[in-house]
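Accompanying notes for the structure given below.
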Amino acid sequence: MRVNRVVGVKMDRRILEKIEKVVGKEGYSVDPAVLYTYGFDASIYHNNPDVVVRPKTTEQVSEIMKIANEEKIPVTPRGGGTGLCGSAVPIKGGIVLSMQQMKKIKEVSVADLWVDVEAGVIYEELNKELAKYGFFFPPSPGSGEACTIGGMVANNASGMRAVKYGATRDAVLGMTFVKADGEIVRSGTRTIKDSSGYQLARLMCGSEGQLGVVTEVTLKLTTKPMYAASCICAFDDVTDAGKCIANLIARPLIPASCEIMDSLSISAVNKARGNPLPDTNSLIIVEVDGESQEIVDRDLKIVEEVAKASKATSVVASHDKAEIAKWTDARKSVMTSLSALKPGFVSVSLADDMGVPVSKVPAAIKAFREIADRHDVIVATYGHASDGNLHTKMMVDPYSRENWERGMAAVGEIFDKCIELGGTVTGEHGVGIAKALDFKKERASNIKTYREIKRAMDPNNILNPGKTFDFEGDPLAGLRYPCQECQ
Ligand SMILES: Cc1cc2nc3c(=O)[nH]c(=O)nc-3n(C[C@H](O)[C@H](O)[C@H](O)COP(=O)(O)OP(=O)(O)OC[C@H]3O[C@@H](n4cnc5c(N)ncnc54)[C@H](O)[C@@H]3O)c2cc1C
């Protein structure tokens, strides 16, 4: 039953003329092919918008928001469309506001440690520019070649390096955003420290396009470490791999990154990519970095020692950039490789991203496996385990409602377990549609306050409505997959 969709707003000529006055003929589209394309992100969902608008300035965003607010048209801001939970899918139709035309890196001030960017700048494009000065913006999402700074802010994205360098919100000094009624707000500062009033820029981090449209962001710069090396450690038991990570941090050693992969993830990558990884039950890939070769060598030795003491069956350290890149690429390819594992099944983002305290990683992985076996579903676990952020991808026959439902039942239990372990249903991908029901359980005591904030900033509920705490209905409605029984 489709309960969480409405027929799109009728985009009559009068409204389109108003939009055209702001962005010109080239700045919007109602071409069915364009509408179809902008109905997707990288999640399992799809729904067409009624118009795609591509503003080039904060002022244009403001004017478009004024029209939308007056006409009560839903607006879904969109960056690279790489979100995995349906956050950028316009489930109520209306306007998709594509921010990709706002892609200027406006100013870099290395002495003050900030960079000003427009929201549509692609993560890796920014880092290419910052590398010229010896700096970087560290979150490192796996989607860095395509995701935008605005989307990263809206999802508080991060990635492999969060354990040492933090998530997006940790680097946000300030931003310009446009409220639902078109008001332009400049929040935060260009200073490293700021205790001046409510931290509105922080409030926007993780707001998933529901509180305002981010148009410009001031980010704090981090110096790029001069030296790095990696170590790949194999284990016979994935819980030992998990324990090894907790032992490393407790040593204490904060790695630059530490990725875990279970047996299914390893088999999938080895099958799809010609065996780049050791044939083992589970593994971790640990990267250490620093300002001198001595520091890196010292830390690498500690990793080797701790891994051996934590029952690693083999430990291979490397300074060779090509070899390290091979391991990193292999880890990054888990999501796509999984679909090669079983003919007729695809890897989908159902319970794709959760966080638990690092010491609970072994218990979480064990529980996920037990839950998957009990529901007879295939679940691979991997992720940025040194910050407790795990990813689980589920293999589903996309034509079978029964298969999707079994998956959903397992997902519910997986998230319940994460909450029980003191964790969260999303470490970095956000809530969107896919995690809305579990998020409402996790943050039950926050929902009233969320609604009050939303009402204050968007009284007509036009900004990305029907998602996160506002989601009602069937999370299996509106799938992008050809499951007739799900429609
Ligand atoms: C292969 C792959 C790997 C990934 N790996 C990671 C990872 O390692 N870490 C991680 O955190 N995520 C990862 N992701 C998920 C995704 O890339 C991130 O969540 C990313 O931040 C989304 O950015 P985007 O520009 O694509 O945003 P979109 O998908 O376009 O939008 C995401 C949300 O942000 C809102 N939004 C976008 N731009 C704005 C704006 N200017 N103002 C207000 N709201 C806005 C949208 O409305 C939506 O709610 C991965 C995705 C893929 C496909």
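A short reminder: the numbers here are calculations on the coordinates, not readings from a lab. Please read all numbers here as calculations on a predicted model, not as lab measurements. With ideal geometry, Cβ positions are generated from the backbone for all residues, glycine too; neighbour counts draw on all protein chains shown.
Is the stretch 125-172 best put as rounded, prolate or oblate by its Cα gyration tensor, with a ≥ b ≥ c the root eigenvalues, rounded for a/c under 1.5, and otherwise prolate when a/b is larger than b/c, oblate when not? Walk me through the numbers on the way to the answer.
Values: a/c = 1.64, a/b = 1.24, b/c = 1.32.
Oblate, since a/c reaches 1.5 and b/c is not below a/b.
Taking H placed 1.01 Å from N in the peptide plane, check which residues at least 5 places from Glu216 or on another chain put their amide H under 5 Å from its amide H.
Under 5 Å from the amide H of Glu216 lie the amide H atoms of Ala119, Thr176, each far enough along the sequence or on another chain.
Cysteines of the chain lacking any other cysteine beta carbon under 4.7 Å?
By the Cβ distance rule, which asks for a partner under 4.7 Å, the isolated cysteines are Cys85, Cys147, Cys205, Cys231, Cys233, Cys244, Cys258, Cys418.
Per DSSP H run of at least 4 residues, take -39500 (n - 2.57); add these up for the chain, divide by its residues and hand me the 222 nm value, nearest 500 deg cm²/dmol. Intermediate values should be presented prior to the final figure.
On the way: 16 runs with 165 residues, N = 487.
When only DSSP H runs of four or more count, the value is -10000 deg cm²/dmol.
Using unit Cβ charges (K, R positive; D, E negative) and no other charged atoms, how large, in debye to the nearest 20, is the dipole of the chain about its Cα centre? Spell out each step's value before the answer.
Values: 60 positive and 63 negative charges, 156 e Å.
Around 740 debye, computed over the chain.
How big is the antiparallel share of DSSP beta bridges in the stretch 1-111, given as a percent to the nearest 5? Don't jump to the answer; show the numbers that get you there.
Values: 3 of 10 bridges.
For the stretch 1-111, the DSSP antiparallel bridge percentage is about 30.
Decide, for the stretch 396-487, between rounded, prolate and oblate: order the square roots of the alpha carbon gyration tensor eigenvalues as a ≥ b ≥ c, take rounded if a/c falls under 1.5, and otherwise choose prolate if a/b is larger than b/c, else oblate. Show your work: numbers first, answer last.
On the way: a/c = 2.90, a/b = 1.38, b/c = 2.10.
Taking the square roots of the gyration eigenvalues as a ≥ b ≥ c, the stretch 396-487 is oblate.
So what is the relative contact order of the chain, in percent, for Cα pairs below 8 Å that sit 6 or more residues apart?
Working: 1122 pairs, mean separation 81.4, N = 487.
Value for the chain: 17 percent.
Between the stretch 400-414 and the stretch 51-95, how far is it from one alpha carbon centroid to the other, in angstrom?
31 Å
Would the stretch 338-470 count as rounded, prolate or oblate if I go by the C-alpha gyration tensor, calling it rounded below 1.5 in a/c and otherwise prolate when a/b exceeds b/c, oblate otherwise? Can you show the working numbers first?
Details: a/c = 2.28, a/b = 1.46, b/c = 1.56.
Note, shape of the stretch 338-470 comes out oblate.
Which whole number in µm²/s is D for the stretch 13-99 by Stokes-Einstein, with the Kirkwood Rh taken over Cα pairs at 20 °C and 1.002 mPa s?
Numbers: Rh = 12.8 Å.
Estimated via Stokes-Einstein, D reaches 168 µm²/s.
Just how large is the dipole of the stretch 174-325 about the Cα centre, in debye to the nearest 20, putting +1 at every Lys and Arg Cβ and -1 at every Asp and Glu Cβ?
Values: 16 positive and 21 negative charges, 87 e Å.
Charge dipole, the stretch 174-325, about its Cα centre: 420 debye, nearest 20.
Percentage of Cα-Cα pair distances in the chain greater than 35 Å, rounded to whole percent?
Working: 38497 of 118341 pairs.
Result: 33 percent of Cα pairs exceed 35 Å.
Any lysines with Cα under 26 Å of the Lys360 Cα? List them, leaving off those in the same chain fewer than 8 positions away.
Partners found: Lys164, Lys243, Lys301, Lys308, Lys311, Lys332, Lys393, Lys417, Lys435, Lys440, Lys441.
Where the only charges are on Cβ atoms (+1 Lys, Arg; -1 Asp, Glu), what is the dipole of the stretch 13-99 about its Cα centre, to the nearest 20 debye?
Values: 11 positive and 10 negative charges, 21 e Å.
Computed about the Cα centre, the dipole is about 100 debye.
Using θ = phi - 60° and the Karplus relation 6.51 cos²θ - 1.76 cosθ + 1.60, list the HN-Hα couplings for the stretch 225-237 in order, rounded to whole Hz, with x at every Gly or Pro.
Those phi angles translate into x, 7, 10, 8, 8, 9, 9, 10, 10, 9, 9, 8, 9 Hz.
Excluding same-chain residues fewer than 8 positions from Lys18, which lysines have a Cα within less than 30 Å of its Cα?
The qualifying lysines are Lys10, Lys56, Lys66, Lys72, Lys92, Lys103, Lys104, Lys106, Lys179, Lys454, Lys467.
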